[in-house]
Amino acid sequence: MIREPLIFELSAKGKRAYAMPALDVPEAKGALDGLAVRDGIEGFPEASEVEIVRHFTRLSQQNYCVDEGFYPLGSCTMKYNPKINEKIAALPGFAGVHPYAPADTVQGCLEVLKRTEDYLCEITGFEAFTLQPSAGAQGELTGIMLIRAALAKRGNPRKVVLIPDSAHGTNPSSAHLSGYAVQEIKSNPDGGIDLEELARCMNEDVAALMVTNPNTLGVFESNIRRAAEIVHAKGGFLYMDGANMNALTGIARPGDMGADVLHVNLHKTFSTPHGGGGPGSGPVGVVKEMVPFLPTPYVVRTANGYGLDDDRPDSIGRVRGFYGNFLVVVKALTYILALGPEGVREIAEIAVLNANYIRKSLEGIYNLPYDAPSLHEVVFDDKIQKDAYGVTNLDIAKRLIDYGFHPPTMSFPLIVHGALMIEPTETESKRDLDGFIETMKTIAEEAKADAGLLKAAPHHSFVRRLDETAAARNPVLKWEKPKSE
Amino acid sequence: MSYIALSDDDKREMLARVGVRTPADLFHCIPEGVRLRRLLNLPPAMAEPELDRHMSGIAAKNTYGDYLSFLGAGVYDHFIPSIVDSLSSRTEFVTPYTPYQPEVAQGTLQAIFEYQTLICQLTGLDVSNASLYDGAHAAAEAVLMIHRLTGRNRILVARSLHPQYRETIRTYTRNVGLVIEEVGYGTCGGLKSAELREKMGDDVAGILVQSPNFFGVVEDLKACAETAHARKGLLAAVAAEALSLGLLEAPGKMGADIVCGEAQSFGLPPAFGGPFLGFMACAKAHLRQLPGRVAGQTKDVDGKRGFVLTLSTREQHIRREKATSNICSNQAWCALRATMFLETLGREGLREMALQNVHKAKYAATVLSKIPGVKLRFSGPFFNEFVLDLPKDAAAAAAALKAKGILGGLPLGGFEPDAAKALLVAVTEVRTKASIDRLAAALEEVLR
Amino acid sequence: MYPQNFYFTKDHEWVAVDGDTATIGISDFAQKQLGDVVFVEQPEIGKVLAVHQTIGSIESVKAVSEVFAPVSGEVTAINAELGTAPEAVNQDPHGKGWIIRLKMANQADLGALMKAADYEKYLEGLTH
């Protein structure tokens, strides 16, 4: 297969894909006086419209995506992204609105924000939400800063945040950026919170415990209530990472579990597409005590509709510009309204059914390092294949590509060596689930018969295994004009 | 509407294989005390035609579109070529995750590589990341980065930096022991260079300055760089109007060590403030402290060129609390649109668009400041935005203009202490001469 | 396989002593654990290090490992070759893959370290 060249390699002097209308104001003399004006931009591309269209069309064809097939990337919730969401978010009435426009001209936008907040409160059991955080990690940062502000208001912001060893890397990173030392707590033999360890670590220096529930093994933390009590008894807060909220919608609410702060990912649970890495949206829900500290501005109901409240003296301030990734919020609201209460509950029911169906079908063929009941995802590892044939999770993942599937999440959580974390989501058909299951069985057979086949996989992709070591040793991070020219 | 793909028979068969009777049985692992034993209180499900009507109705409550708008202040109305919408909405770009499996994500990865190249060309620096959340976030990350690079805790931030960027910087730095000091602006609207030199000490990590700044005035980045470097500090230049990079000298060529900002102007609609596109580039020597994802070029086992995410040891999933930033998901799709926008405009188109902004803004400033009592607040050179001093309260004047169907700009009373009569006006290439003349006539009338 | 005249730490650094000069690197075991080394972060010459202070870090594609000073002293040299060829840490960990040299402040620091035979025993304990 021929690789699509870089646009810079296609570029030729004088080609254009765009024409400006003629300038309709008089060209003022000296308009550029006092400005340091650059010469033409060195190496900047020049191409025709058709070349650019083909360039990106061909590039798009080198991507695997949810609309093409099964994408069981664990902890990422790669569900189908409804098309109506895109259509609504593109309406000029939403996309064309300037964020500094007077409040009475943007009532629709404010309604979107307030109603989404209301529905997220109902789904998760919290008092209020901020929709400002741009993604999950920024939600975590916002949440921990809210905890810090609330503790400071009580008199002492404290020093430490406790984080289980199974957590996403963003948890410790966000806690650190909020000024806290991170103390890792070991999981119990089932991969869950170790209550004794928690009780031992919990003291008056600890600001919060950060817990993902269901945890990164896809297992519900059945001791969550007890954990909350231990943390609360010493005056700390329970932060819940809602990355895995897809297992709980309409079934159980973090607010009822004793959590004080929660972030959810609209680009996971609420179906907004990932766009190849973003934009996401990471709204943060809080209990009553935390409401005064929410970022500014905060959308409020007024006598005439909706307004923006900037006068919140205890607020942590803003964490980004304006009101968040607004169009992502529009898509999430559209999704919630499409589903209704039964549909929202069905998300969790079917996501969990699909995950357990895969688990039951592959158990014994692949090793299950923790056998606690799975919710929305199941974590296998490569122990059976590695011990017998030297085949690793990487080999299995790359071979899946040959069969037309996106690989599961690998090497996470860190407490599982050789992890294969499979999250099917609720939107997969049985035909696709069965296809994946059969393929995983075939790959297990191949590992036995011809490990080399797996080690060399993928065989049928646009590129084969890439040299990541060379990429990191000698970083080439941009195109440069060949020296010979 | 439901997006479930299982038939009733499928469900039965699957439940049987799992060994439970109903889906509810799958949740036995959740203690009874935390189970929700009622339906959520949400509006009933809507079918697509109802949903379309309902959401379109909410959109219609926004009357912003009925006005002729001269709002800018970090968010600009620029033309977006049709091919940007058409190509970026391809599902192969919209529905994949972050390219963790490079063999099936070469499209996204090559586009990021092209994006990084374009940002380097525009900023005049060596390396770019794959995107940050927005301009305000990029500015906050730049402050943290110059702190890490120098080990110093004081940072000088221009008062003329966008107020939301300053607020975000405060939020991000409050808990990690950094001291942020503001440097004022003079009658030209640019940074007071004497004050800057005075405040720049050996304990200062660096300077953050926006150009064109919040008032539209283009700053003397060269002088700022010299001041910072004289004390072994760093200069981070912020561009909230990225289109200016198409015409003005690259900040990297004027001595900036980091260039970051907001690239909404490159193919993203105003969208009530997001999603936008934070960008950041730096000198090669500072690469290890650059936050965010980076794509790099390499070869596959057959020697064929390919792209991967690289240098990830800087990031949270490996270095955890010692990472350069906590960012994970970024604004990849927005960066893709920017890439398409920039490649479509190309070398000549980008310059022309930028030039038309200067000429139209200049024309508007000229006709508006001819109105009796109206003058330009600052004497410094500007790109596509400027501040008018009106003879009366700017908020009142803006309200009167609004009654005539015009949003004439952003009144600065709420932003700066002595700016009750100041109005920030943005004029991009999409505003016609007729619309500028209409603004001038209307303003003259409301001030009469 | 581990040089008899080297000293080792539990964190898998090695020290080779010549007079008051200590050359420091990471052990063969450590480089195997890390995988292909892509970057070595080194301190500035002249930096004074206490025992167990961070010297720098070693990165592979998907891991980072900090390197700690096994003995105290002032950095007198860094292995500049690692800047362009970090793979030396994999290829020759006990030789060309050295990381820094220190002028030792206190010979007694060596007393807390393991000799090769003890280190090999220690490794056996880790892998079983």
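Among B:PHE93, B:GLY190, B:GLY267, whose Cα projects farthest towards the positive end of the dipole of the protein assembly as shown, with charges put on the beta-carbon of Lys, Arg (+1) and Asp, Glu (-1)?
Toward the positive end, the furthest listed residue is B:GLY190.
What span do the alpha-carbon atoms of the range A:84-338 cover on each of the three principal axes, reported in whole Å from largest to smallest?
Principal extents (Cα only, largest first): 55, 37, 28 Å.
For a quick size check, give me the Cα extents of the range A:38-138 along its three principal axes, largest first, whole Å.
For the range A:38-138, the Cα extents along the three principal axes come out at 52, 42, 27 Å.
Let's see if you can work this out: charge +1 on each Lys and Arg Cβ, -1 on each Asp and Glu Cβ, no other charges. What is the dipole magnitude of the protein assembly as shown about its Cα centre, in debye to the nearest 20? All intermediate terms of the calculation are to be shown ahead of the outcome.
Working: 108 positive and 128 negative charges, 360 e Å.
Dipole size: approximately 1740 debye.
According to the Kirkwood expression over distinct Cα-Cα pairs, how big is the hydrodynamic radius of the protein assembly as shown, in Å? Could the numbers behind the result be given before it?
Working: mean 1/r = 0.0333 Å⁻¹.
The answer is 30.1 Å.
Would you calculate a helix-derived [θ] at 222 nm for the protein assembly as shown, using -39,500 (n - 2.57) for each DSSP H run of n ≥ 4 and dividing by the full residue count, to the nearest 500? Write out the running numbers ahead of the final one.
On the way: 31 runs with 360 residues, N = 1061.
Rounded to the nearest 500, the figure is -10500 deg cm²/dmol.
Could you check the simple spin-label distance between A:LYS186 and C:THR54, using points 7 Å along Cα→Cβ, in nm with one decimal?
So the two model labels end up 2.5 nm from each other.
Using a 10 Å cut-off around each Cβ of peptide A:187-194, what is the average number of partner chain Cβ atoms that fall inside? List each step's numbers first, then the result.
Values: counts 0, 0, 0, 0, 0, 0, 0, 0.
So the per-residue partner count for this stretch is 0.
For chain B, what is one quarter of the convex hull surface built on the Cα atoms, given in nm²? Mind dumping the intermediate values first?
Details: hull surface 112.1 nm².
Mean shadow area of the hull around the Cα atoms is 28.0 nm².
What Kirkwood radius, in Å to one decimal, follows from the Cα pairs of chain A? Don't skip to the answer; put the middle values down first.
Working: mean 1/r = 0.0399 Å⁻¹.
Final number for the Kirkwood radius of chain A is 25.1 Å.
Taking a point 7 angstrom from the Cα of A:LYS481 along the C-beta vector, which residues in the range B:334-355 have backbone N less than 15 Å away?
Residues B:347-348 fall inside that zone.
Can you work out D for the range B:82-341 in µm² s⁻¹ from Stokes-Einstein, where Rh is the Kirkwood radius over C-alpha pairs, the temperature is 20 °C and the viscosity is 1.002 mPa s? Mind showing how you got there, number by number?
Values: Rh = 18.5 Å.
It diffuses with D of about 116 µm²/s by this estimate.
Net charge near A:LEU420, counting Lys/Arg +1 and Asp/Glu -1 over other residues with Cβ under 14 Å of its Cβ? Walk me through the intermediate numbers first.
Numbers: positive: A:ARG359, A:LYS383, A:LYS386, A:LYS398, A:ARG399, A:LYS441; negative: A:GLU363, A:GLU377, A:ASP381, A:ASP382, A:ASP395, A:GLU423.
Counting the neighbours of A:LEU420, the net charge comes to 0.
Treat each spin label as a single point 7 Å out from the Cα along the C-beta direction, and report the A:ARG16 to B:THR63 distance in nm.
Label-label distance for A:ARG16 and B:THR63, simple model: 4.1 nm.
Taking other Cβ within 10 Å of each residue's Cβ, how do B:ILE30, A:ILE185, A:ILE144, A:ILE437 sort, fewest first?
A:ILE437, A:ILE185, B:ILE30, A:ILE144
Give me the one-decimal nm value for the distance between modelled label points at A:ARG154 and B:ASP302, 7 Å along each residue's Cα-to-Cβ direction.
6.1
Assigning unit charges at the beta carbon (Lys, Arg +1; Asp, Glu -1) and nothing else, what dipole magnitude in debye, to the nearest 20, does the range C:7-122 show about its Cα centre? List each step's numbers first, then the result.
Values: 9 positive and 17 negative charges, 32 e Å.
Dipole magnitude for the range C:7-122 comes out near 160 debye.
With just the Cα atoms defining each centre, how far is the range A:5-79 from the range B:320-358? Give it in Å.
9
Under 16 Å from the 7 Å Cα→Cβ point of A:LYS448, by amide nitrogen: which residues of the range A:338-366?
Counting backbone N atoms under 16 Å from the label point, the list is A:362-366.
Counting Lys and Arg as +1 and Asp and Glu as -1, each charge on the Cβ, what is the dipole of the range C:23-66 about the Cα centre in debye, to the nearest 20? Spell out each step's value before the answer.
Values: 3 positive and 6 negative charges, 14 e Å.
Magnitude of the dipole: close to 60 debye.
Estimate the FRET efficiency between A:HIS417 and A:ALA90 by the formula 1/(1 + (r/R0)^6), using the beta-carbon distance for r and 45 Å for R0, to the nearest 0.05.
0.50
Normalise the Debye intensity by I(0) for the range A:348-461, one equal point scatterer per Cα, no solvent, then take log10 at q = 0.10, 0.13, 0.21 Å⁻¹ and round to two decimals.
-0.26, -0.44, -1.18
Local charge sum around B:GLN297 (other residues, Cβ-Cβ under 10 Å, Lys/Arg +1, Asp/Glu -1)?
Working: positive: A:LYS478, B:LYS299, B:ARG305; negative: none.
Charge balance near B:GLN297 sits at +3.
Diagonalise the Cα gyration tensor of the range B:294-417 and give the resulting equivalent ellipsoid semi-axes, square root of 5 times each eigenvalue, largest first, whole Å. Before the final figure, lay out each step's value.
On the way: eigenvalues 432, 96, 33 Å².
Three semi-axes, in Å: 46, 22, 13.
What FRET efficiency would be calculated for the residue pair B:ASP437, A:GLU42, taking the C-beta separation as r and a Förster radius of 30 Å, to the nearest 0.05?
Values: r = 39 Å, r/R0 = 1.29.
About 0.20, to the nearest 0.05.
Restricting the count to DSSP beta bridges whose residues both fall in the range B:82-341, what percent are antiparallel, rounded to a multiple of 5? Spell out each step's value before the answer.
Working: 14 of 32 bridges.
Once the DSSP bridges in the range B:82-341 are tallied, antiparallel ones form about 45 percent.
Here are some pairs, A:LYS331/B:LYS322; A:LYS448/B:LYS299; A:LYS79/A:LYS448; C:LYS32/C:LYS103; A:LYS268/B:LYS402; A:LYS83/A:LYS386; which of them have Cα atoms lying more than 31 Å apart in this structure?
Details: A:LYS331/B:LYS322 34 Å; A:LYS448/B:LYS299 29 Å; A:LYS79/A:LYS448 33 Å; C:LYS32/C:LYS103 28 Å; A:LYS268/B:LYS402 40 Å; A:LYS83/A:LYS386 42 Å.
Those over the limit are A:LYS331/B:LYS322; A:LYS79/A:LYS448; A:LYS268/B:LYS402; A:LYS83/A:LYS386.
Which whole-angstrom value gives the distance between the alpha carbon centres of the range A:281-330 and the range C:53-128?
50
Among A:HIS376, B:HIS229, B:HIS147, which comes first, then next, by fewest other beta-carbon atoms within 10 Å? If you can, show how the numbers build up before the last one.
Working: A:HIS376 31, B:HIS229 16, B:HIS147 21.
So the residues, fewest neighbours to most, are B:HIS229, B:HIS147, A:HIS376.
Pop the C-beta distance of A:SER429 and A:LYS360 into the FRET formula with R0 = 22 Å and round what comes out to the nearest 0.05.
Working: r = 18 Å, r/R0 = 0.80.
Efficiency, rounded to the nearest 0.05: 0.80.
What are the semi-axes of the equivalent ellipsoid for the range A:1-83, taken as the square roots of 5 times the Cα gyration tensor eigenvalues, largest first, in whole Å? Don't jump to the answer; show the numbers that get you there.
Values: eigenvalues 327, 74, 41 Å².
Each semi-axis is the square root of five times an eigenvalue, giving 40, 19, 14 Å.
Every number in this text was worked out from the coordinates using simple rules, so none of it is lab data. Everything quoted here is computed from the prediction, not taken from an experiment. Heads up, the Cβs are rebuilt from the backbone with ideal geometry, glycines too, and the neighbour counts pull from every protein chain shown.
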